[in-house]
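The values are calculated or read from the model by the stated rules, or taken from the named source; none is laboratory data. Note that the structure is a prediction, hence the values are computed from the model and not measured. Virtual Cβ from ideal backbone geometry, glycine too; neighbours counted across all protein chains shown. In case anyone asks, the SASA skips ligands and DNA or RNA and just uses the protein heavy atoms, side chains included. Shrake-Rupley method; radii C 1.70, N 1.55, O 1.52, S 1.80 Å.
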Amino acid sequence: MSAEQNLVKQCKAGGREAFQTLYCLYAPLLLGVIRRYIDSEDTARDLLHDSFLKIIKDFERFQYRGEGSLRAWLSRICINEALMWLRSKEYRFTDSLENNPLPQVEEPREEEVDKLSEEQLMSFISNLPVGYRTVFNLYVFENLSHREISQILGINEKSSSSQLTRAKKLLAKQIKAYWSDKA
């Protein structure tokens, strides 16, 4: 039995120490997942807390499906909490700039992107408008289709596609500006 399977078994038995271990192992990763969607560190920490309350409450329903299934399940709960929070704040996930032309931006070279630190790239992503950032994260990190994103966010597929395109353009603009400032 792997360490992950053993932890799942202990959590299913309701062991307090097991849940503390679960928290210590996964909280930093899950906070990072939430921060991809939420600007505020304080709000992200609150959502992490809320997520863990839900995780503890619903843990008996978790079905272990092999290595990585625990991490995926925990991440999904955190993403759902972040999306529910965004919806509660009545963020509009429609593209308010749809009628504006896309900025003409030269794509960054592959080596320009590769030279960025993960921290810098995540900073650029966090600078995107909420709707663009949300669609970008769901598409790139969660591997969801535009159809799935449209259902989750209550927008049409064309808005999802448009927001992803605009997010990529804004990221390209930020990357180009970053390297031109370094030159």
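What does the charge add up to near Ile34, with Lys and Arg as +1, Asp and Glu as -1, over the other residues with Cβ less than 9 Å from its Cβ?
Net local charge, Ile34 excluded: +2.
Against the set [x] 62; [y] 35; [z] 40, the structure's computed percent of Cα pairs over 26 Å apart falls on [z]. Using a 1.4 Å probe on the protein chains only, how many percent of the accessible area of the chain belongs to carbon and sulfur? Of all accessible area on the chain, carbon and sulfur atoms account for 48 percent. Using alpha-carbon pairs under 8 Å, 6+ residues apart, how would you state the relative contact order of segment 3-89 in percent? Relative contact order, segment 3-89: 36 percent. Basic side chains Lys and Arg get +1 at the Cβ, acidic Asp and Glu get -1 at the Cβ, and with that the dipole of the chain about its Cα centre reaches some 420 debye. The residues of segment 110-181 have, on average, 53 Å² of accessible surface per residue, using a 1.4 Å probe with all protein chains present. For Cys11, Cys24, the ranking by accessible surface with the largest value first comes to Cys24, Cys11, using a 1.4 Å probe.
With a cut-off of 14 Å between beta carbons, the residues surrounding Ile125 carry a summed charge of +3, where Lys and Arg count +1 and Asp and Glu -1. Between Gln151 and Ile56, the contour length at 0.36 nm per residue exceeds the alpha carbon distance by 31.5 nm. Placing pseudo-labels 7 Å out from each Cα toward the beta carbon at Arg16 and Asn127 gives an inter-label distance of 4.7 nm. With all protein chains present, calculate the accessible area of Lys176 using a 1.4 Å probe and round the result to the nearest 10 Å². Accessible area, nearest 10 Å²: 50 Å². Provide the net charge surrounding Phe19, with neighbours chosen by a C-beta distance below 14 Å and charges set as Lys +1, Arg +1, Asp -1, Glu -1. Neighbourhood net charge equals +2. Among the chymotrypsin sites (Phe, Trp or Tyr not before Pro) found in segment 101-183, those both in a DSSP coil and sparsely packed, with 15 or fewer other Cβ atoms within 10 Å of their Cβ, are Phe141.
Take the Cβ atoms of Gln5 and Ser40, set R0 to 30 Å, and the FRET efficiency comes out at 0.25.
Fully extending the segment from Glu110 to Asn80 would add 7.6 nm, taking 0.36 nm per residue of separation and subtracting the current Cα-Cα distance. Mean sequence separation of contacting Cα pairs (under 8 Å, at least six apart), scaled by the length of segment 1-153, corresponds to a relative contact order of 25 percent.
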